[in-house]
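Just so it is clear, none of the values below were taken in a lab; they were calculated from the coordinates. These figures come from a predicted structure and were not determined experimentally. Neighbour counts are summed over all protein chains in view; Cβ atoms, including those assigned to glycine, are modelled from backbone coordinates with ideal geometry.
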Amino acid sequence: MTELRDDLPRWRQVRDIIVKRIETGQYKPGQRIPSVIDLTQEFGIATQTAQKVMNALRKDRWIRTERGMGSFVTTIEERTAEADEAPE
């Protein structure tokens, strides 16, 4: 189990760990990332905390979730695209 510090919110620490894994290429664009259940087991966090991590990663466009398939690392283009950008 990955140890977390007591001086920062647990969800933020886990989010930062996942982002670092994406930035270093441990998780590559298009690759499926661990599920909420996997995060609870790896980090010893509650399901709600793991869901908060996933929500933060989605909000910041680090991942996209496909219903019934899982969550996947986005490309740099997906992360930097404007949310309300109209197609040309």
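A compact table of results
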| read-out | value |
| --- | --- |
| Chain lengthening between residue 61 and residue 47 when straightened (0.36 nm per residue, less Cα-Cα) | 2.9 nm |
| For the chain, Kirkwood radius (reciprocal of mean inverse C-alpha pair distance, Å) | 13.6 Å |
| Amide H within-cut-off set for residue 63, under 5 Å, with H built and near neighbours excluded | 58, 74 |
| Residue 79 paired with residue 38, simple spin-label distance in nm, labels 7 Å along Cα-to-beta-carbon | 1.8 nm |
| Under-5 Å amide H pairs with residue 27, H placed in peptide plane, nonlocal only | 22 |
